[in-house]
Amino acid sequence: MAVKLIATDMDGTLLGQNGQLDLPRLTAAIDRLEERQIRFVIATGNEMPRMRLLLGDLTERLTLVVANGARIFHKNQLIAGSFWAPELVDESLEYFAGREQELHLVVTTSQGGFVQEGTQFPLIEKVMTKDMAQLFYRRMHFLPRLQEHAFTDVLKMSMMVEETAAAEQTRRINRHFAGRLSAVTSGYGAIDILQSGVHKAWGLRQLMQRWGIQAEEIMAFGDSENDLEMLELAGISYAMANGEDKVKQAAQHMAPANSQAGVLQVLESFLEEGER
């Protein structure tokens with residue numbers, strides 16, 4: 001079957017090592033994809049403000065599955081979303097009570113991110129440009145106590161720990177909230193906590209139904225655990241050379257590392273083959 005949709009993760013995949021994006025090169029590839037009526041979708045754990053800063057006017061042309069599938073924007077307009085039940089929010093905050101600063105806990109809602117006062121994020125500048133790190137902090141709402149805030153429209157929670165501790169932390173959360181929440185690593189020690197069943201592949205399935213696209217007609221790129229469902233769904237899947245071992249085992253193909261613009265290399269080769 002011909003490819004009708006290409007989906008890619010951002011951090012560690014489409015973005016370079018410090019969060020850089022070759023926007024002119026990406027735009028040129030998207031122009032060529034649109035000529036062939038192939039849709040380009042970005043599937044990321046990030047929310048729209050960072051995507052708008054990175055992509056600029058491209059957000060008016062693209063479809064973005066953000067917050068790891070919890071919200072979908074098409075040409076900058078929200079078309080689907082999934083939010084946590086209030087009792088699940090309360091139980092989760094109680095589970096993390098007293099460890100919010102230690103775990104760099106963030107509650108992400110449609111109004112932005114909320115953290116406990118005094119929380120710092122020393123690892124952020126290692127994976128983001130200075131502008132992106134500043135945007136991250138500007139979007140944060142610092143609260144005296146997370147448990148006392150009346151949260152609405154919660155999309156996900158996230159943590160940032162040392163990379164060596166990430167696997168054990170995800171195991172503990174998944175064991176405690178089995179069947180209700182799913183914790184997945186997203187690279188560099190970051191952990192996303194999502195509603196069970198809501199992930200990047202869930203977001204892609206909403207688009208498949210909307211556009212009449214089959215799984216066999218999807219090409220996908222990823223590097224981290226939170227990309228696994230998306231790669232398993234896609235008919236053609238690529239793990240980045242810098243990706244986690246379990247991602248490389250799940251994918252059919254290997255793309256060059258993100259530091260070498262691996263996604264763009266594969267896309268350009270794919271387009272050139274199609275134009276011969």
- Tally time: how many residues in the stretch 235-252 are within 16 Å of the chain's Cα centre (by Cα) and among the hydrophobic types (A, V, I, L, M, F, W, C)? 3
- All-but-one check, residue 107 against (1) surrounded by 15 or more Cβ atoms within 10 Å (Cβ to Cβ); (2) closer than 30 Å to residue 211 by Cβ; (3) among the aliphatic types (A, V, I, L, M), failing number (2)
- Note on the structure: Scanning the stretch 73-96 residue by residue, those surrounded by 13 or more Cβ atoms within 10 Å (Cβ to Cβ) and small (Gly, Ala, Ser) turn out to be 80, 81, 82, 92
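Check 93, 33 and return the single one that is over 24 Å from residue 269 (Cα atoms), touching a Phe, Trp or Tyr at 6+ places or on another chain (Cβ under 9 Å) and among the aliphatic types (A, V, I, L, M).
So the residue among 93, 33 that is over 24 Å from residue 269 (Cα atoms), touching a Phe, Trp or Tyr at 6+ places or on another chain (Cβ under 9 Å) and among the aliphatic types (A, V, I, L, M) is 93.
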- Query: Has the stretch 23-35 got any residue that is part of a loop (DSSP other than H, G, I, E, B) and surrounded by fewer than 21 Cβ atoms within 10 Å (Cβ to Cβ)?
  - Reply: no
- Item | Count of residues meeting criterion [part of a helix (DSSP H, G or I) and either more than 15 Å from residue 253 (Cβ to Cβ) or among the acidic types (Asp, Glu) (or both)] in the stretch 4-19 | 4
- Determine, yes or no, whether residue 132 is over 20 Å from residue 78 (Cα atoms), buried (at least 17 other Cβ atoms within 10 Å of the Cβ) and of a type in the set (A, V, I, L, M, F, W, C). yes
- Does the stretch 199-218 hold any residues that are buried (at least 21 other Cβ atoms within 10 Å of the Cβ) and either under 17 Å from the mean Cα position of the chain (by Cα) or more than 24 Å from residue 252 (Cα to Cα) (or both), and which are they? 199, 200, 201, 202, 203, 204, 207
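Would you tally the residues in the stretch 243-276 being part of a loop (DSSP other than H, G, I, E, B) and out of contact with any strand residue (DSSP E or B) (no Cβ under 9 Å at 6 or more places or on another chain)?
Of the stretch 243-276, the ones part of a loop (DSSP other than H, G, I, E, B) are 243-244, 251-252, 256-257, 261, 275-276.
Those still in the list that are out of contact with any strand residue (DSSP E or B) (no Cβ under 9 Å at 6 or more places or on another chain) too: 261, 275-276.
Going through the stretch 243-276 one residue at a time, the tally reaches 3.
Quick note: the coordinates plus some simple rules give every number you see, no bench work behind them. Model, not experiment: these values are computed from the prediction. We place every Cβ from the backbone using ideal geometry, glycine too, and count neighbours over all the protein chains shown.
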